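**Q** Just passing along the structure, written as structure tokens.
What follows draws every value from the coordinates through simple rules; no lab data is involved. These numbers come from a predicted model, not from an experiment. Because the Cβ atoms are built from the backbone with ideal geometry, glycine has one as well, and the counts that use them run over all protein chains shown.
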Amino acid sequence: MTSTPHTTHEVFNQATPLVGHDTSQNPALREGLEREGAGWALPEVTELGRLAGTAEAQDWGRLAERVPPRLHTHDRYGHRVDEVEYVPAYHQLMETAVSHGLHAAPWADERPGAHVARAAKFMVWSVDAGHGCPVSMTYAVVPALRANADLAARFEPLLTSREYDFGLRDPETKRGLIAGMSMTEKQGGSDVRANTTTATPQEDGTYALVGHKWFTSAPMSDMFLTLAQAPGGLSCFLVPRVQPGGGANPVRFLRLKDKLGNRSNASSEIEYDGALGWLVGEEGRGVRTIIEMVNMTRLDCVIGSAMGMRTALTMASHHARHRSAFGEVLVDQPAMRGVLADLSLESEAATTAMMRLAGANDRAIRGDEGEAALRRLALAVTKYYVCKRAPIMAGEALECLGGNGYIEDFDVARVYRELPLLSIWEGSGNVAALDALRAIGREPHTLDAFFAEADLAAGVDARYDAALDRLRKELTSFDDIELRARRIVEQMALVFQGSQLLRHAPTAVADAFCASRLDRDWGGALGTLPTGLDLAPLLERSFVDVP
């Protein structure tokens with residue numbers, strides 16, 4: 001008898017690979033780019049978005065994450081080297097980011113909207129979050145460095161250069177520089193005033209730094225901003241990896257951190273063993289010197305969260321359009337449509353608010369005091385809320401893929417692991433919420449700017465007006481203010497998002513937001529939108545075209 005072969009491995013009812021798409025195909029992002037004065041950047045944003053959608057670029061991100069950096073403290077002969085080895089894919093990611101100006105390039109671009117354009121490009125280059133850390137830090141270092149005119153003149157042209165020049169050499173001999181930050185110590189965390197690293201003045205005007213830093217990401221950067229205790233108090237310093245003339249600066253790598261996500265980026269513990277440092281700003285004013293830097297990195301936390309939300313939404317929407325269950329394509333089933341529409345709404349609100357903040361940032365940098373005041377408070381509350389919502393949304397998007405979503409082969413798992421970091425970086429929940437209240441108490445003009453912005457949307461929707469009124473009443477009393485900090489800041493973030501959607505989003509999108517986020521007669525989970533809403537525009541804005 002002849003046996004009949006059996007086909008037991010036929011593959012069907014699986015989504016096609018999500019490749020060949022344009023990650024800039026995001027209406028909220030494109031509309032915000034035009035609205036905030038950077039429409040001129042749309043061709044480059046589109047170019048980068050198309051590159052991010054290619055199989056090649058996505059493989060760079062996967063490989064950089066799956067083959068993490070390796071620490072080499074000594075060479076084979078026993079010489080101290082303190083180097084971190086990366087796979088080539090990581091350098092390809094960095095070269096792409098730097099050549100497109102995602103790092104410090106906007107500081108050398110006088111065009112209005114340059115910082116908005118950079119925010120949009122940062123968001124669409126979504127193939128790997130880890131290498132975004134040194135890119136973001138390089139962007140943020142420049143305004144702090146300007147507290148020392150000599151250092152800014154020497155290094156800013158190299159920090160803003162669009163050439164990625166990896167390797168340990170005298171920084172002034174390189175074609176381009178990457179900068180990092182080395183602030184946190186094990187005993188202090190966000191309380192940097194508790195830092196114990198010391199900085200001793202030297203006869204040549206430099207300082208010798210001695211101390212241990214608990215988190216220093218991207219330790220192969222060319223230079224770091226760091227905080228240390230000088231004779232005049234906590235001060236800011238620029239510490240190069242290589243000293244002028246080419247000698248190694250004694251910055252010792254102890255170990256790399258074993259992190260939940262962000263694995264393609266090396267995060268390390270380091271020790272300064274008499275390392276050379278240049279004073280940035282005045283002695284004793286270290287925190288004040290880095291304040292502008294914090295504004296930049298907080299904005300990047302919002303951009304990164306919006307990026308992750310959009311990426312997770314795209315993956316969930318793509319899966320739902322190609323997967324069938326119980327006789328119907330998932331996207332045609334009412335329960336799934338409700339979930340996808342709600343995910344789209346969350347992403348839309350985050351992106352629209354982010355683009356408004358990018359515009360405020362651009363105008364604040366150019367001297368607009370009103371926009372600076374709005375940025376100070378609206379950025380703090382948005383950083384708190386959007387970074388909290390992003391992991392929740394990514395978890396829901398992961399669930400849309402079912403068991404596949406929990407498998408590392410399907411990249412939504414990597415997005416999910418990445419997003420909690422952004423709620424921790426630059427101040428976790430309580431720090432961010434209390435900082436917003438500190439701004440209200442110490443800089444009351446920031447609250448005036450916030451309500452001036454919020455009032456621009458008043459009178460359009462009764463639910464928004466009621467939420468705005470509740471917020472004003474919440475702020476009339478400072479009793480138990482720290483206990484209520486998160487509640488107040490969440491209300492402020494929702495009002496800010498609502499104000500932007502009412503003014504700029506399609507009517508159906510703004511209506512869904514007011515019904516589900518401001519009118520609290522709804523379920524707390526995503527996918528619990530009230531009935532009777534027009535979901536079609538939300539679903540349409542969530543899809544990308546895949547060949």
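**Q** What is the dipole size for the chain, taken about its Cα centre, with +1 at each Lys and Arg Cβ and -1 at each Asp and Glu Cβ, in debye to the nearest 20? Can you show the working numbers first?
**A** Details: 56 positive and 72 negative charges, 124 e Å.
So the magnitude is around 600 debye.
**Q** How big is the gap, in Å, between the Cα center of the range 261-276 and the Cα center of the range 387-444?
**A** 24 Å
**Q** Of the options W60, A457, P250, report the single residue whose Cα projects farthest towards the positive end of the charge dipole of the chain (beta-carbon charges: Lys, Arg +1; Asp, Glu -1).
**A** P250
**Q** Go through the range 24-122 and name the trypsin sites (Lys or Arg not before Pro) that are in a DSSP coil and have 14 or fewer other Cβ atoms within 10 Å of their Cβ.
**A** On the way: sites: R30, R35, R50, R62, R66, R70, R76, R80, R118, K121; in loops: R76.
Passing sites in the range 24-122 are R76.
**Q** Among C236, C514, rank each residue by its count of other Cβ atoms within 10 Å, from fewest to most, as a rough exposure measure. Please report the intermediate quantities before stating the final value.
**A** On the way: C236 29, C514 22.
The order, fewest Cβ neighbours first, is C514, C236.
**Q** Along the charge dipole of the chain, pointing to its positive end and built from +1/-1 on Cβ of Lys, Arg, Asp and Glu, which listed residue (T311, C387, V192) has its Cα farthest out?
**A** Checked the options; the winner is V192.
**Q** If you consider only alpha-carbon coordinates, what radius of gyration and Dmax does the range 288-542 have, in Å?
**A** My reading of the Cα-based Rg and Dmax gives 18.3, 61 Å.
**Q** What number comes out for the charge environment of L379, summing +1 per Lys or Arg and -1 per Asp or Glu over other residues with Cβ under 14 Å away?
**A** Values: positive: R298, R356, R363, R375, R376, K383, R438; negative: E292, D300, D362, E371, E426, D435, E443, E453.
For residues surrounding L379, the net value is -1.
**Q** Here's something else I'd like to know. If we count other beta carbons within 10 Å of each Cβ, what is the order of V19, V287, fewest first?
**A** Lowest to highest Cβ neighbour count: V19, V287.
**Q** Compute the Rg/Rh shape ratio of the chain: radius of gyration over Kirkwood radius, all on alpha-carbon atoms. Spell out each step's value before the answer.
**A** On the way: Rg = 24.1 Å, Rh = 24.3 Å.
Rounded to two decimals, Rg over Rh is 0.99.
**Q** What is the magnitude of the charge dipole of the range 27-284 about its Cα centre, with +1 placed on the Cβ of each Lys and Arg, -1 on the Cβ of each Asp and Glu, and no other charges, expressed in debye to the nearest 20? Could you put the intermediate results ahead of the total?
**A** Details: 26 positive and 33 negative charges, 119 e Å.
That gives a dipole near 580 debye.
**Q** Apply the Karplus parameterisation 6.51 cos²θ - 1.76 cosθ + 1.60, with θ equal to phi minus 60°, to every residue of the range 243-254 and state each ³J(HN,Hα) to the nearest whole Hz, in sequence, with x for glycine and proline.
**A** Result, rounded to whole Hz: 6, x, x, x, x, 5, 7, x, 10, 9, 8, 8.
**Q** Also: Put +1 on the Cβ of each Lys and Arg and -1 on the Cβ of each Asp and Glu in the chain; which of F155, Y272, Q92 then has its Cα farthest toward the positive end of the dipole?
**A** Result: Y272.
**Q** Also, quick follow-up: With only Lys, Arg, Asp and Glu charged, each at its Cβ (+1 for the first two, -1 for the last two), find how big the charge dipole of the range 288-542 is about the Cα centre; round to the nearest 20 debye.
**A** Around 360 debye, computed over the range 288-542.
**Q** Something else now. Show that you can apply the helix-only estimate: for the chain, add -39,500 (n - 2.57) for every DSSP H stretch of four or more residues, divide by all residues, and state [θ] at 222 nm to the nearest 500.
**A** Numbers: 18 runs with 266 residues, N = 547.
Calculated at 222 nm, the ellipticity per residue is -16000 deg cm²/dmol.
**Q** Apply the Karplus curve 6.51 cos²θ - 1.76 cosθ + 1.60, θ = phi - 60°, to the phi angles in the range 414-427 and return the couplings in whole Hz, x for Gly and Pro.
**A** 5, 4, 4, 5, 6, 5, x, 4, 6, 7, 8, 4, 6, x
**Q** Right, another one. Please list 3J(HN,Hα) in residue order for the range 11-18, calculated via the Karplus relation 6.51 cos²θ - 1.76 cosθ + 1.60 where θ = phi - 60°; whole Hz, with x for glycine and proline.
**A** 9, 8, 6, 10, 5, 6, x, 8
**Q** Past the 26 Å Cα-Cα mark, which pairs from K121/K186; K174/K383; K121/K388; K121/K257?
**A** Checking Cα-Cα distances, K121/K186; K174/K383; K121/K257 exceed 26 Å.
**Q** Can you pull a Stokes-Einstein diffusion coefficient for the range 27-284 at 4 °C (1.567 mPa s), Rh from Kirkwood over Cα pairs, as a whole number of µm²/s?
**A** Numbers: Rh = 19.0 Å.
Calculated translational D: 68 µm²/s.
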